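The values are calculated or read from the model by the stated rules, or taken from the named source; none is laboratory data. Please read all numbers here as calculations on a predicted model, not as lab measurements. Cβ placement follows ideal geometry from the backbone for every residue including glycine, while neighbour counts extend to all protein chains displayed.
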Amino acid sequence: MSERTLIVVKPDGVQRGLAGEIISRFERKGFKLAGSKFMRVSEELARKHYQVHEGKYFYDRLVRYICSGPVLAMVWEAEGIIAMSRKMMGATFGYDAEPGTIRGDYSCSKGNNLVHGSDSVESAEFEIGLWFDEGELVSWEPANEHWLRGEK
Ligand code: IDP
């Protein structure tokens, strides 16, 4: 069963001109894009998106950070995409993330870590519903599907 995840290029990723690089990594991996929008995050959306962190010392800063400039929100799709995309993003803090990962290659910060990706099927469903209307998502069949997945 194909799985979907929410990926957001955060304000530092956009400002540093890394949106294309991040898209490129997911595209070359063979993930399928199902939706995208360049937008500003409202405080209401930010608070809901990060509600699991409410009460933590960094919560308010986190809300300010995600609202501090435009972001590129995307839905990507592939079997097992949540685990794969988390590996590709790397550990939460840039200075801990392994080289070869997005955060490991481009961030040495704690909180400014360039990219968000859902961490479970449940949070992906919740987050995609929060950020996108169903009509903004596209179902399509890439021409190279067979070459990407091989025989089942
Ligand atoms: P994740 O983005 O790797 O899933 P989470 O633990 O869900 O990490 O945290 C959400 C975001 O909150 C992180 O991406 C990071 O920007 C920020 N964050 C998490 N922990 C801290 C912290 O201890 N200090 C400052 N920012 C943090």
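Things to note:
- Subset tally (residues that are in contact (Cβ under 8 Å) with a residue 40 or more places away in the chain and either among the β-branched types (Val, Ile, Thr) or closer than 19 Å to Val138 by Cβ (or both)) for segment 76-105: 8
- Leading residue by the ranking (nearest to Ser24 (Cα to Cα)) among those in segment 114-136 that are polar (S, T, N, Q) and in a loop (DSSP other than H, G, I, E, B): Ser118
- For beta carbons closer than 7 Å, sequence separation of 6+ or different chains, a first residue in segment 115-132 that is within 24 Å of Ala97 (Cβ to Cβ) and a second that is away from the ligand (no atom under 15 Å from the Cβ), the qualifying pairs are Val121/Glu3; Ala124/Arg4.
- Of the residues making up segment 1-52, those that are closer than 18 Å to Asp119 by Cβ and either of a type in the set (Phe, Trp, Tyr) or part of a strand (DSSP E or B) (or both) are Glu3, Arg4, Thr5, Leu6, Ile7, Val8, Val9, Phe26, Phe31, Tyr50.
- When Glu125 is tested against (1) surrounded by fewer than 19 Cβ atoms within 10 Å (Cβ to Cβ); (2) touching a Gly at 6+ places or on another chain (Cβ under 8 Å), just one condition goes unmet, and that condition is (2).
- Where Gly111 falls short, out of the listed (1) modelled with pLDDT of 95 or more; (2) among the small types (Gly, Ala, Ser); (3) part of a loop (DSSP other than H, G, I, E, B): (1)
- Subset of segment 113-126 that is of a type in the set (A, V, I, L, M, F, W, C) and within 10 Å of the ligand (Cβ to nearest atom) - its residue that is farthest from Gly17 (Cα to Cα): Val115
- Boolean, Lys110 is surrounded by fewer than 14 Cβ atoms within 10 Å (Cβ to Cβ) and near the ligand (Cβ under 9 Å from one of its atoms): yes
- Listed conditions (1) within 15 Å of the chain's Cα centre (by Cα); (2) not in a helix (DSSP H, G or I) are all met by Ile82, apart from (2).
- Candidates Leu72, Leu45, filtered to the one that is surrounded by 12 or more Cβ atoms within 10 Å (Cβ to Cβ) and out of contact with any helix residue (DSSP H, G or I) (no Cβ under 6 Å at 6 or more places or on another chain): Leu45
- Among the residues making up segment 133-152, a single one is within 17 Å of His49 (Cβ to Cβ) and free of Cβ contacts under 8 Å to residues at least 24 places away in the same chain: Asp133.
- Phe38 vs. criteria modelled with pLDDT of 95 or more, of a type outside the set (Ser, Thr, Tyr) and either within 16 Å of the ligand (Cβ to nearest atom) or within 19 Å of Gly104 (Cβ to Cβ) (or both): no
- Close pairs (7 angstrom Cβ cut-off, 6 or more residues apart or separate chains): more than 7 Å from the ligand (Cβ to nearest atom) in segment 50-75, of a type in the set (S, T, N, Q) and assigned to a helix (DSSP H, G or I) anywhere: Gly69/Gln15
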